[in-house]
1. Which percent, nearest 5, of DSSP beta bridges in the chain are antiparallel?
2. Starting from the Cα of S187, step 7 Å along the direction of its Cβ; do the same at E348; then give the gap between the two resulting points in nm.
3. Given the pairs K265/K344; K184/K356; K206/K237; K31/K98; K67/K201, which span a C-alpha to C-alpha distance of over 21 angstrom in this model?
4. With each label point set 7 Å from Cα along the Cα-Cβ vector, what nm distance links D400 and L251?
5. So what J values fall out for segment 22-35 if you push phi through Karplus, 6.51 cos²θ - 1.76 cosθ + 1.60 with θ = phi - 60°, rounded to Hz, Gly and Pro as x?
6. How high is the FRET efficiency from E340 to E223, r the C-beta distance, R0 30 Å, rounded to 0.05?
7. Report the residues of segment 238-266 in range of a label on K393: point 7 Å along Cα→C-beta, backbone N strictly under 20 Å from it.
8. When ranked by the protection proxy of mean other Cβ atoms within 10 Å per residue, highest first, what sequence do the peptides 108-120, 37-49, 349-361 form?
Amino acid sequence: MISMTDVLNIRFDPSDPSKPRSINLYFDHYKGEPIYRTVVYLANSGCEWSRRTGGCTMCGTKNSALKKPISDEEFFAQLEIVKEYLGKFNATHEAPVKTLHIYNDGFFFNDSEIGPKVREAIYGIARSFNIKKVVVETNGSDIIRDNKTNNHLGRAVELLGDIEFEVTLGIESTNPLVRALYSKPDSVEDVKNSLEIIRRKGAISKGYVLVKGPLLTEVEAYEDCVSTIKTLQQWSKGERFRIEFQPVCLLPNTLHEYLMTLDRKDPYYWEPPLLSTLFRILKHFPTMGEDLYSALFAKIDTDSPWDFWLTRPHDDPETTYKIYLKLVEYYLHRKYDTIEAALKLVNEKLWEERKKQVAPHPLEERVAIVKKLLGLSKQNNMHLSDYLKTNLKLDGNFLDSCKNHIEKL
Ligand code: SF4
């Protein structure tokens, strides 16, 4: 019996490269049945894109990256701890862990982030614990490069044998302008081709789709999400493709952290998407089953569910909490419930209010300004959010103030 109450979030010293940052026990679905999954966040050097450019505007991985190379020995020490906990989880629960997510907050096939021997040790752990599926994260350029050079992906599929290998790309959106707004490292073409490469090599293609990154209104975010999932469906031409859509939450040193400090009347004031927006998105895709899900379904951290909703300005906390429970219930027992049941609880007034928010500048203009600001923050060796906090004098709405600031330089 899989139970929500068994969820665990074990944290380690985040400055120690020989310990993972955290090991988590969550619930999930595998082939239609509820299961336990283990999610490991390895101590890491930071993604190459983040180290080189400051990273994507909405990404918080830079906050936990150790910003120095992690040796194979240090990774092996981390993996010993992973083995210890997998053993404990299996010994103390009725059902063994079936899926293993190993995240290095970056590009799994990039040798400068995680070495080939470490990757092979991870596949060995999956085999020895009778794991059914291994899940990793990377980006399109990583897959394209690997396809032309080392074929680490092909080797991984070979070594894993009958264990499924799910490769997750941080797609976020298939709209090039929205991707540029987030400053993603790879092109839409690279993403499309890499999804095909992943499938061709025998792995499962999965993409993160972001709900409401910075500088998008609620409606723009909702529409972008629906259109992205439809595009991804078309690209997959009937073959299997998984999607994890991710509502953005407040993270330090991101552009949206700064945007949350604006006056609420500013059209670029940012607040997390409504939980009900996720349901509206889900409702468009009734046949995707467990291949479309949100991390929220599986994730109940130490700060949730109640505190999570109290401290984050989603829908009003009480309604949201009920929706959240419904969502979890739906996710765990989706055979017996429907999205419509949860949608009935939604506070329509909040959605109607958010629908009134209009961004006065076209997306192209927003992108052009963000690019200039990113260049300036890089020149000054600062996070974009810090650059704005230090240098931007607000005079009118956020974007007009940025334009004035740039013109005066
Ligand atoms: S979203 Fe991915 S590519 Fe972008 S900075 Fe974060 S880890 Fe790097």
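1. In the chain, DSSP labels about 30 percent of beta bridges as antiparallel.
2. According to this spin-label approximation, the distance is 4.6 nm.
3. Too far apart for the 21 Å limit: K265/K344; K184/K356; K67/K201.
4. Spacing of the two 7 Å Cα→Cβ label points: 3.2 nm.
5. So the Karplus estimates, Gly and Pro as x, are 7, 10, 10, 10, 10, 9, 7, 10, 9, 6, x, 10, x, 9 Hz.
6. Efficiency computed from Cβ-Cβ geometry: 0.90.
7. Only 262-263 fall inside the zone, counting backbone N under 20 Å.
8. 37-49, 108-120, 349-361
Read-outs throughout are calculated quantities, based only on the coordinates presented, and are distinct from any laboratory measurement. What you see is a predicted model, and the numbers here were worked out from it, not measured in a lab. Because the Cβ atoms are built from the backbone with ideal geometry, glycine has one as well, and the counts that use them run over all protein chains shown.
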